[in-house]
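I have placed the structure first, in the form of C-alpha cells, so that the comments after it can refer back to it.
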Amino acid sequence: MGNQTVKLGDIFDIQGKSTKENLRVVIEGNLENVKRIGEKMSSGEIIINGNIGMHLGNQMTGGKIIVNGNADDWAGAMLKGGELEINGNAGNYVGAAYRGFWKGMEDGIIRVHGKIGREAMLWARNSKGENKWPILYCNDAGSFLGIHNHGGTIIVNGDTDVYPGADQAWGNIIVNGKILKKLASYKKIGEKKEISLPNGEIIKGNYIEYSGDHSVKKETNGRLFLKL
Amino acid sequence: MVDTKIKTIYDVICPFCGSLCDDLEVDIDKSTQTIIGIRNACQIGTAKLFASNPSEHRYTKPMIKKDGKLTETTIDIAINKAAEILIKSKRPLLYGFSSTECEAQGKGVELAEILGGVLDNTASVCHGPSLLAEQDVGVSTSTLGEYKNRADLVIFWGCNPVHAHPRHLGRYSEFVRGYFRKDGRNDRVVIVIDPRNTQTAQIADIHIQVNPKEDYELLNAIRAMVRGVELEDDKIAGVTKEKIKEVIEIMKKSNYGVIFFGMGLTQSSSHHRNVDSAICLTRELNDYTKFLITPMRGHYNVTGANTVFTWNTGYAYSIDFSRGYPRYNPGEFSSVDLLMRDEIDASLIVASDPASNFPADSVVNLFKHPLIVIEPHETPTSAFADIVFPVAIAGIECEGTAYRMDHIPLRLRKVKEPPENCLSDAIILEKIINKINELKGEKQ
Ligand code: SF4
C-alpha cells in the first residue's frame, strides 16, 4: 500500500489450501484499488466477484481469469496465453503493449462483455510459425482500437469510437455495430458474406471489407470489416 | 564619467521559455540589487526578469500555516515540519521541477527515492504525449542551430511561437539568416497548420486550417498520400485533397524540412497519437529529402527535468518509487491521474503552480492533504499550502544548468543577489533530505 508493505491477511480473510496444480482462487469484494492480480499467471483459475483494479492478468501465459464486475486499465496487457473473461466493462489499454514495447499481446483470448476504453490491443503481434493468434472480443470499444496492430484479431459486437485500426500493419478488425469515424486511409475493396479468421473461426454475415491502414503500407493485408 | 552604480551583465540566458535565448543584457542597480534594464529579451522574458525585483507578491520568509493562515517562521522550523510531513506520508507526490535548474531536479530524484514517493514534472500535462510517442516510434530530431543554418521548409503544427516562444522565429526558425539560408525569411517556406488563425499563421506562406481535434486524420491522410495512395474522400479534416497534394509536393521538393509542434498536437483529443503520426510522417519523408521534428517545449528547463530524471531513473516523468526502485507508467503514476483517484496523501511542489493548470477535481484533492511549496512568488497553489519556502530564482539569483528544447545544456547565470533568507531550490531540497535522513536515523 503506497510505500508500505502490508500482510495479505490484514486486508483479506483468507481460506483454503494451496496446491501446485489446478489452483482455483476466488476473490470477493471491491478491489478497485488492487492492482496486478494474476500478473504473469501460468495456470489455474482466478474468479473475481467485484470490480478489479489495473493490470489484471498482465503478461499471463496460461490459465483463466473471470471477473464478475468491471476491470480497470491495462487488463490483459501483453497477454502471452490463457484466457481473460470480463463480464462488466474494461478500461483503456485492454491487451495493449506497455509504454515503449513493440510487442503487445502475443497470444490468448480476451472477452469483455461490456465496453472497453481507448487503444485496446496496441501493438498486438501474431506468430504464424508458433501458431499464436491473439484475439479480443468486446462489446462497444473506445478510440484507436487495434492501433499499430501487427496481426491481432478484434471482434466488436457493438460500436467503436473514432479511428479503429489506426496504423494497422496487418490483422483483422470486425465491427458489428457502427464506427463513429473511419480513417480516410482505409479503402473499400468489396463485400464479404463469410470471414475466415486466422485461428480457423468463421464469421457469417454481410460485411463491407476495407483494406488499411494505407498510411503504413501502400499494399496491405490489414482488414477492417463493417457489418452492413 | 562612467556610472559605477549600475552594472551590466552580458550574455545572460533567459529563464522563461524553452528557447533559452542566451544573448540578454541586464542592467543591475548594485546598491539595491534590483534589475533596472533589460535588452534583447522578448516581452514575456522581460516580465519574468523584472518580476524578480522586490514586490508584495514575492515571498522573503518561510511561511507555515497556523490557525488556517500562513505566518512567518524560521527556515529550521519549516524544514523540520516539511520532513515530518513527508516521512509520515504513505504516498507522497513530488511535482514541478520544470522551472528550476538541473541540480535541484537531481535533488528531487534523491528525495523521491528515499521517500518511496512519486516523482513527476510538468511534462505530465504538456509534452508528456510527445515522450510517449517517441518511446513508441522513435524520433528523428536535431538542434536549433542546424535548423537555422539549413532548413528551407519550416512547418509549425499546433503551436503559436509568436506568442509562446517569441524570439524562436528571429533566432532559429523563420527570419534568421543561416549559413545556407543567407536571405533569411526569403530562403524559407513557412507552413502553419492550426485550426486558429494565429499571428504565426498570419505571417506564414501557407496556413492550413485543419478542423479542431482532427489533426490525426490529416496526418494520417498525408502519410497515405505521401505513399502514393489515392484516397476516396475529397476533403479530410476540413482540408481539400488538392491542398494536401500541394503541401506534399512542397515537402518532397524541399532540401531540409522541419516540423515544430506544440500543445495543439499533444493536448488535443488524440494526444500522443498525433505526435506518433507526425513522427512517422517525418520518418517517411526521409525517403525523399531530409526531414526532422522537434517539440516546442514550454518551461525553460522541462527538457532538463526529463533528461535529469532519465539519467537517474531511466524514465522522463511519472515515476513511482514505492517499491524502492523506479517504475514508470503515465496514466497510472502521472500527477493528475493520481490526484483524481485521491491516492496522494502529501505533496511537495517545486517551482510550479498545479492549482492553475490541473483539472479542478484533482486540485481539490491536492488541497485536502498536507502541501509543501518551494516557490518565489505567491501563486494559487502556494495560497493553500501548509509550508512555503521562499527561494532564489534560478537563472537570475543563482546559477545552474538548463536544457534548451533541443536538448542543448546551457549554464544559467546569476545576475543579482537573492533577497535575504532566500536559498536556492537545490539547497532547500538538500536540507529536507538531510533532515529526513536524520529523523529516520533517530527512529531506527
Ligand atoms: S523567446 Fe523565450 S527564452 Fe527568448 S527571451 Fe522570450 S521568453 Fe526568454
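Which number comes out as Rg/Rh for segment A:23-227 once both Rg and the Kirkwood Rh are worked out on C-alpha atoms?
So for segment A:23-227, dividing Rg by the Kirkwood Rh gives 0.97.
Find how many whole Å separate the alpha carbon centroid of segment B:4-78 from the alpha carbon centroid of segment B:83-150.
The two parts, judged by their Cα centres, are 24 Å apart.
Measuring from centroid to centroid over Cα atoms, what is the spacing of segment B:172-214 and segment B:356-423 in Å?
34 Å
When you look at the Cβ of every residue in A:139-151, what mean number of other chain Cβ atoms sits within 10 Å?
Taking the mean over all residues of the peptide, I get 1.
Count the DSSP beta bridges whose two residues both fall in segment A:118-228, then state the antiparallel fraction as a percent rounded to the nearest 5.
Rounded to the nearest five, the antiparallel share is 40 percent.
Determine how large the accessible area of residue B:323 is when every protein chain is in place; take a 1.4 Å probe and give Å² rounded to the nearest 10.
Residue B:323 has an accessible surface of roughly 130 Å² with all protein chains in place.
What FRET efficiency comes out for residue B:4 versus residue B:255 if R0 is 45 angstrom and r is the Cβ-Cβ distance? Round to the nearest 0.05.
Result of the calculation: an efficiency of 0.30.
Would you grab the residues whose amide H sits under 5 Å from the one on residue B:301? Only those 5+ places off in sequence or on another chain, please, with H modelled 1.01 Å from N.
HN-HN under 5 Å from residue B:301: B:100.
Check which residues have an amide H placed less than 5 Å from residue B:13's amide H, if you skip close sequence neighbours.
B:413
Restricting the count to DSSP beta bridges whose residues both fall in chain A, what percent are antiparallel, rounded to a multiple of 5?
Rounded to the nearest five, the antiparallel share is 25 percent.
At a Förster distance of 30 Å, what's the computed FRET efficiency of residue B:383 paired with residue B:163, Cβ-Cβ distance as r, to 0.05?
0.65
Figure the gain on full extension for residue A:20 and residue A:221 (residue separation times 0.36 nm, minus the Cα-Cα span) and round it to one decimal in nm.
Going from the current span to full extension adds 68.0 nm.
Is the shape of segment B:128-295 rounded, prolate or oblate, going by the alpha carbon gyration tensor and its root eigenvalues a ≥ b ≥ c, with a/c under 1.5 for rounded and a/b larger than b/c for prolate?
The shape class here is rounded.
Below 14 angstrom from the Cβ of residue B:139, what's the summed charge of the other residues (Lys, Arg +1; Asp, Glu -1)?
In short, -3.
Please give the helix B:102-115 orientation as an angle from the longest Cα principal axis of chain B, in degrees from 0 to 90, rounded to the nearest 10.
Value to nearest ten degrees: 60.
Longer than 19 Å from Cα to Cα, which of A:115/A:178; A:40/A:80; A:115/A:204; A:181/A:218; B:414/B:435 are they? Say none if no pair is.
A:115/A:204; A:181/A:218; B:414/B:435
For the residue pair residue A:36 and residue B:43, what label-to-label distance in nm results when each label sits 7 Å from Cα along the Cα-to-beta-carbon direction?
5.1 nm
In deg cm²/dmol, rounded to 500, what helix-only [θ] at 222 nm does chain B give when every DSSP H run of at least 4 residues adds -39500 (n - 2.57) and the total is split over its residues?
My calculation for chain B gives -10000 deg cm²/dmol from helical runs alone.
Enter the angle in degrees (range 0 to 90, nearest 10) between the Cα long axis of helix B:425-443 and the first principal axis of the Cα atoms of chain B, meaning the one along which they spread out most.
With rounding to tens, the tilt is 50 degrees.
If a/c stays under 1.5 just call it rounded; otherwise compare a/b with b/c (prolate if a/b is bigger, oblate if not). Do that for segment B:362-420, with a ≥ b ≥ c from the square roots of the Cα gyration tensor eigenvalues.
Here segment B:362-420 falls in the oblate category.
Taking the 0 to 90 degree range and rounding to the nearest ten, how far is the long axis of helix B:75-88 tilted relative to the main principal axis of chain B, both from C-alpha atoms?
So the helix axis and the longest Cα principal axis differ by about 70 degrees.
Non-local amide H neighbours of residue A:48 (under 5 Å, H modeled in plane, Pro and chain starts lacking H): which ones?
A:27, A:66, A:67, A:68
Cross-link list B:48/B:90; A:128/A:188; A:20/B:88; A:17/A:128; B:66/B:416: which exceed 29 angstrom alpha carbon to alpha carbon?
B:48/B:90; A:20/B:88; A:17/A:128; B:66/B:416
Answer rounded, prolate or oblate for the protein assembly as shown, using the Cα gyration tensor with square roots of eigenvalues a ≥ b ≥ c: rounded when a/c is under 1.5, else prolate when a/b is larger than b/c, else oblate.
Oblate is the answer for the protein assembly as shown, as a/c is 1.5 or above yet b/c matches or exceeds a/b.
Evaluate E = 1/(1 + (r/R0)^6) for residue A:159 and residue B:289, where r is the Cβ-Cβ distance and R0 equals 56 Å; express this FRET efficiency to the nearest 0.05.
About 0.85, to the nearest 0.05.
7 Å from Cα along Cα→Cβ at both residue B:34 and residue B:235: what's the point-to-point distance in nm?
5.7 nm
Could you put B:327, B:273, B:411 in order of accessible surface area, largest first, with the 1.4 Å probe and the full protein assembly present?
B:411, B:327, B:273
What are the ³J(HN,Hα) couplings of segment B:245-259, residue after residue, when phi is run through the Karplus curve with 6.51, -1.76, 1.60 and θ = phi - 60°? Round to Hz, x for glycine and proline.
Karplus-based 3J(HN,Hα) across segment B:245-259 equals 4, 4, 5, 4, 4, 4, 4, 5, 7, 5, 8, 7, x, 9, 10 Hz.
How big is the antiparallel share of DSSP beta bridges in the protein assembly as shown, given as a percent to the nearest 5?
If we restrict to bridges inside the protein assembly as shown, about 35 percent are antiparallel.
The values are calculated or read from the model by the stated rules, or taken from the named source; none is laboratory data. All figures in this text were calculated on a predicted structure; none of them were measured in a lab. Every residue, glycine among them, receives a Cβ derived from its backbone with ideal geometry; neighbour counts consider all protein chains shown. Keep in mind that these areas ignore ligands, DNA and RNA; they rest on the heavy atoms of the full protein, side chains included. Shrake-Rupley method; radii C 1.70, N 1.55, O 1.52, S 1.80 Å.
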